[in-house]
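All remarks here apply to the structure that follows.
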Amino acid sequence: MRYRRILAIGDIHGNYQKFCTLWEKLAFDETQDLVIFLGDYTDRGPQSREVMQWVLSQFGKPQRVFLRGNHDEMMLAAMLGVDKDLWKRNGGSETVKSLRGMEGLPDFLMRWAQAIHHMPLYYEVIQDGKTYWFMHAGIKAGVPLAEQETETLLWDREFATMPLYTGREIVTVGHTPIPYLRYYGLKVPVDKPLLRDGGRRNLIDTGGFLKGGRISAIDVLTKEIWQSEALPELGGW
Ligand SMILES: [Mn+2]
């Protein structure tokens, strides 16, 4: 199938209301479009439960790819009883809060754990002779996709922050919030995705979990950008 749009959506982090404003603007059409979610569905924001329910309602439907993020990995480990405090300290406590008192919680968590288990760490699309790579955090340039380390795909900061990426593939990642890039000495737009190296390195986590932050999407074919409303009244980290 030749796609009209190949969309990537950045970190949602429990911000269901913001996400809904973005999803509506996208008017996703599974007969023409492909959408790839870059991971980090829960934690930090107030509505992780609603985001999880939405993801589960879409999981396995055509032309929707849900990648795994480091927060999803942390939550899975916590559900298995490993490093629970690490997850809670990194926004997992907000997820716990949003799930508290939920009817059928054990079953729901079981379904979520299975979903995370089935989320791939990366995705590749080739269209019109161009190769598009998607993952949560980053890659080591020059290493084939299938040989990238899990740690790099889920946690890397170097790919987003290094001065120049010279690979041939067009790579799109979330994970590193654009507002944080200034700590690496980069001049950055306040809340817009950052398209580096002529649009071959697209950073689209615009800090949707921050107060007034937005969730962003990109069509990697045209570089068109869509963003959620900022909804500052929702608060955030
Ligand atoms: Mn994230």
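The values are calculated or read from the model by the stated rules, or taken from the named source; none is laboratory data. In this text, all values refer to a predicted model and were calculated from it rather than measured experimentally. Because the Cβ atoms are built from the backbone with ideal geometry, glycine has one as well, and the counts that use them run over all protein chains shown.
Overview of values
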read-out: Check on residue 109, within 16 Å of the ligand (Cβ to nearest atom), more than 30 Å from residue 212 (Cβ to Cβ) and either surrounded by fewer than 18 Cβ atoms within 10 Å (Cβ to Cβ) or within 15 Å of the chain's Cα centre (by Cα) (or both); value: no
read-out: Positions within the stretch 204-221 being more than 12 Å from the ligand (Cβ to nearest atom) and under 23 Å from residue 66 (Cβ atoms), in sequence order; value: 214, 216, 217, 218, 219, 220, 221
read-out: Filter pass, residue 146 being over 27 Å from residue 49 (Cβ atoms) and without any contact (Cβ under 8 Å) to a residue 60 or more places away in the chain; value: yes
read-out: Flag if residue 37 is within 16 Å of the ligand (Cβ to nearest atom) and either out of contact with any Ser or Thr (no Cβ under 6 Å at 6 or more places or on another chain) or at pLDDT 95 or above (or both); value: yes
read-out: Qualifying positions in the stretch 201-225 - crowded, with 20+ Cβ neighbours inside 10 Å and touching a strand residue (DSSP E or B) at 6+ places or on another chain (Cβ under 6 Å); value: 201, 202, 203, 204, 206, 214, 216, 217, 218, 220
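Yes/no per residue for (1) modelled with pLDDT of 95 or more; (2) out of contact with any strand residue (DSSP E or B) (no Cβ under 8 Å at 6 or more places or on another chain); (3) buried (at least 16 other Cβ atoms within 10 Å of the Cβ):
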{"site": "21", "(1), (2), (3)": "yes, yes, yes"}
{"site": "27", "(1), (2), (3)": "yes, yes, no"}
{"site": "43", "(1), (2), (3)": "yes, yes, yes"}
{"site": "49", "(1), (2), (3)": "yes, yes, yes"}
{"site": "63", "(1), (2), (3)": "yes, no, yes"}
{"site": "76", "(1), (2), (3)": "yes, yes, yes"}
